[in-house]
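First comes the structure, then the notes that go with it.
The values are calculated or read from the model by the stated rules, or taken from the named source; none is laboratory data. Because the structure is a prediction, the values reported are computed rather than measured. Every residue, glycine among them, receives a Cβ derived from its backbone with ideal geometry; neighbour counts consider all protein chains shown. Each accessible area value is taken on the protein alone, full model and side chains, heavy atoms only, with ligands, DNA and RNA left out. Shrake-Rupley method; radii C 1.70, N 1.55, O 1.52, S 1.80 Å.
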Amino acid sequence: MKLRGLVTPKTFFTRHNRLTLRKASVRGVPAFMAMFLLGAVAPARAQKDRLRTQPRRVEQKQTIVVTGVYKPVPLMEADRSITVINLDRQQLLGSALVDFLAEDASVDLQERGPDGTQADVSIRGGTFEQTLILLDGWRMNDVQSAHHDMDLPITMQAVSSIQILHGSGTTLYGSDAVGGVVNFVTREPRATEMFLQAAAGNFGINQEAGTFSIAQPNFGEELDFSRDFSTGFLPDRDYRDLALDSITYGHTSLGATQILLAHNDRPFGANQFYGNFNSWERTRTWFAGIRQAVGRRNEVSFAFRRHTDFFVLYRNRPWVYANHHADRSYQAAWRHHQRLSMNTQLYVGLEGFRDSIRSNNLGEHLRNRAAGYAALDVRPWRRFSFTLGAREETYGSLHGEFCPSISGGYWIDSRLQWRAAVERAFQLPTFTDLYYHDPATLGNPNLKPQRAWNYETGFDWYPRARWAAHITLFERQDRDGIDYARTPGSAVWRAMNIDNLTFQGVELAVGTRLHRSQQIQFSYTALHGSRAPARILQSRYLFNYLVNSAEMTWLGTLPGGLIARSRFGVLQRIHQSPYALWDMAVARSLGRLRPYLQVSNLTNTFYEEIPNVPMPGRTVVVGLRIRIFGRRTGDLSSNLMSP
């Protein structure tokens with residue numbers, strides 16, 4: 001994981017995925033503005049001539065961010081708070097992408113099964129519906145249910161990095177980016193090579209994967225597959241995950257091109273997932289996307305996503321109750337940027353979305369959306385940055401949401417940066433929220449979109465070339481929050497809008513590189529949520545957030561060409577006792593044969609991330625990757641963080 005200012009360049013393709021935020025907090029708007037002014041006044045003590053010079057900042061290895069920003073920039077120059085987790089040399093140190101998301105203390109993973117079988121992702125106390133999931137900047141959020149947002153049709157070996165925006169990103173991304181954004185960024189092939197791997201472990205685990213890639217000066221192609229199978233650590237908790245993908249990059253006289261084709265098939269036992277039932281479920285995802293640069297100032301993109309969900313309430317009696325859902329989503333975008341002066345750029349974009357569903361439970365429904373945004377980015381003297389943006393998004397019968405944002409940063413001296421941001425966000429209800437019905441759950445077709453204001457301010461400190469520290473205070477004020485609730489004594493959960501909610505918190509992060517190939521990252525997030533008096537007393541999702549979360553990750557190389565990773569986390573949910581999780585992995589990173597060992601939940605802790613859905617105990621996986629052909633691409637030390 002890389003903290004602010006610790007970045008790895010990825011310049012083959014200019015992706016328009018924006019996501020950068022640090023962390024901030026205040027009791028309310030007046031308090032926030034007071035902190036904003038406090039940070040702005042401090043630099044005024046500098047002499048007037050110093051304001052016209054560029055500070056000599058501490059030398060840092062620059063990671064280029066493509067998430068939460070209107071153009072790729074070094075992480076140190078982003079006005080928002082972003083965590084970058086580099087996976088280039090870590091594919092053998094985790095079984096699934098969710099293993100690495102856990103490194104960020106502000107990310108709350110609520111899994112119903114191992115290896116992301118069904119994982120809900122929340123950021124800064126938001127629900128899983130308030131987190132936007134992106135794949136190379138394309139939306140992955142499922143219109144049927146946000147429980148399927150992480151049904152990513154991509155293999156882990158195809159992902160180069162995970163970029164996480166803390167806080168709202170609606171001005172750039174639209175609906176759902178309320179609590180934050182997670183962007184999975186694929187890699188362009190750097191060598192012509194082929195790998196195969198296989199692994200086995202307890203709970204009947206067996207895994208297979210393979211990669212074939214071609215790299216030419218103006219063309220790159222990668223084909224990947226992966227299969228993950230387990231008989232389950234409990235009855236009816238088995239799973240099988242199959243993923244296939246094709247990623248194509250090219251350069252022509254017109255500009256850069258990217259084509260992504262992917263498929264995922266995921267059947268799994270769902271015992272206790274939705275109540276005291278031995279249920280079973282199968283989800284499948286198909287995705288196709290193309291992005292084309294047109295000259296130096298324009299980009300167009302189009303993508304199609306299809307998702308199906310087959311659910312039976314009783315696995316041994318499927319005829320009793322079953323649901324069939326199939327949804328389709330189309331997304332198209334045009335983006336343009338124009339340099340107005342040496343230090344000022346204008347960004348504009350138009351987007352269109354079309355979502356539909358056919359379901360024996362939800363019925364047939366269609367929703368179209370259109371949006372336009374504009375942002376002015378000013379960066380004078382390379383020590384001050386200011387971005388003013390606005391988005392108008394229409395949906396339904398010309399209903400609209402206007403979402404402005406403002407963010408800024410100032411280098412007080414060469415080692416210390418102040419930043420702040422304000423943004424309005426919204427989230428449209430899913431078709432399940434609107435139309436679902438069974439004996440225990442009822443949707444609500446009269447639900448209103450959730451709306452929120454996000455405020456934050458913070459500082460980034462680089463005391464030495466090998467150190468970085470960050471602190472952010474934040475507050476999010478939610479209106480008409482969407483949740484399922486019930487009154488005491490009632491057995492039916494009903495979708496409804498919840499009255500005013502306020503979440504306040506603080507985020508801390510410290511990173512250091514001990515020497516050339518060893519790094520340690522520590523992050524901590526504390527959160528407090530409150531709401532106005534309401535008529536309901538029981539909530540299904542809103543009040544299951546983390547009040548305290550601490551994560552420490554060590555990553556480094558060892559003698560003999562070994563690479564190792566250790567993650568230790570302590571988590572505490574509201575009204576619950578804290579628990580600790582420890583994962584370790586070691587692998588050989590060089591040579592034709594690369595054995596590896598992964599141990600999850602080393603301390604065999606009993607824990608639940610979803611009430612009444614236990615997670616596995618200690619899990620051990622042993623595997624081997626074989627390089628069939630291709631040249632060696634280097635060792636881990638070249639990809640470690642340089643604070």
(request) Find the centroid of the Cα atoms in the stretch 263-308 and in the stretch 462-477, then give the distance between the two in whole Å. (result) 34 Å
(request) Please list 352-363, 105-116 highest first by mean number of surrounding beta-carbon atoms within 10 Å per residue. (result) 105-116, 352-363
(request) Quickly rank 269-282, 305-318 as a protection proxy: mean count of other C-beta atoms within 10 Å, highest first. (result) 269-282, 305-318
(request) Using only Cα atoms, locate the centre of the stretch 212-235 and the centre of the stretch 411-453, then give the distance between them in Å, rounded to an integer. (result) 33 Å
(message) Please compute the Kirkwood hydrodynamic radius of the stretch 170-216 from all pairs of different C-alpha atoms, in Å with one decimal.
(response) 14.8 Å
(message) What would the Debye equation give as log₁₀ I(q)/I(0) for the stretch 311-412 at q = 0.16, 0.23 Å⁻¹, counting only Cα atoms as equal point scatterers?
(response) -0.82, -1.15
(message) Show me the three semi-axes of the equivalent ellipsoid for the stretch 400-553, from the C-alpha gyration tensor (sqrt of 5 times each eigenvalue), largest first, rounded to whole Å.
(response) 39, 19, 13
(request) Could you do me a favour and compute the accessible area per residue for the chain, 1.4 Å probe, result in Å²? (result) 38 Å²
(request) Once you have a ≥ b ≥ c as the square roots of the Cα gyration tensor eigenvalues for the stretch 130-221, tell me rounded if a/c is under 1.5, and otherwise prolate or oblate according to whether a/b is larger than b/c. (result) oblate
(message) Order 342, 584, 194 by their accessible area, 1.4 angstrom probe, all chains in place, largest first.
(response) 342, 584, 194
(request) Keeping the other protein chains in place, figure out the carbon and sulfur percent of the accessible area of the stretch 155-241, with a 1.4 Å probe. (result) 64 percent
(request) Using a cut-off of 11 Å between beta-carbons, work out the net charge of the residues near residue 480 (Lys and Arg +1, Asp and Glu -1, residue 480 not included). (result) 0
(request) Pull out a ≥ b ≥ c, the square roots of the eigenvalues of the alpha-carbon gyration tensor of the stretch 105-174, then state rounded if a/c is under 1.5, prolate if not and a/b is larger than b/c, and oblate in the remaining case. (result) rounded
(request) With an 8 Å cut-off on Cα pairs and a minimum separation of 6 or more residues, tell me the relative contact order of the chain in percent. (result) 14 percent
(request) Only Cα pairs under 8 Å and at least 6 apart count here; give the relative contact order of the stretch 318-400 as a rounded whole percent. (result) 25 percent
(request) Could you go through the stretch 388-404 in sequence order and give the Karplus-derived ³J(HN,Hα) for each residue, using 6.51 cos²θ - 1.76 cosθ + 1.60 with θ = phi - 60°, rounded to whole Hz, and x for Gly and Pro? (result) 10, x, 8, 9, 10, 10, 10, 7, x, 7, 6, 6, x, 10, 9, 10, x
(request) Enter the per residue convex hull volume of the stretch 378-473, computed from alpha-carbon coordinates, in Å³ rounded to the nearest integer. (result) 144 Å³
(request) For the stretch 476-570, with all protein chains present and a 1.4 Å probe, just round the carbon and sulfur fraction of the accessible area to a whole percent. (result) 60 percent
(request) For the stretch 135-142, just list the computed ³J(HN,Hα) in residue order, Karplus coefficients 6.51, -1.76 and 1.60, θ = phi - 60°, integers in Hz, with x standing in for Gly and Pro. (result) 10, 6, x, 8, 5, 10, 4, 8
(request) Would you tell me the accessible area of residue 448, worked out with a 1.4 angstrom probe on the heavy atoms of the protein chains, in Å² to the nearest 10? (result) 100 Å²
(message) With semi-axes √(5λ) of the Cα gyration tensor in Å as the read-out, I listed (i) 34, 31, 25; (ii) 40, 36, 22; (iii) 60, 33, 28; which label goes with the value calculated from this structure?
(response) (i)
(request) Convert 25 °C to kelvin, take the viscosity as 0.890 mPa s, use the Kirkwood radius over C-alpha pairs of the stretch 409-461 as Rh, and evaluate the Stokes-Einstein diffusion coefficient in µm²/s, rounded to a whole number. (result) 169 µm²/s
(request) Rounded to whole Hz and in sequence order, give me ³J(HN,Hα) for the stretch 555-567 from the Karplus expression 6.51 cos²θ - 1.76 cosθ + 1.60, θ = phi - 60°, writing x for Gly and Pro. (result) 9, x, 9, 10, x, x, x, 8, 10, 9, 9, 9, 10
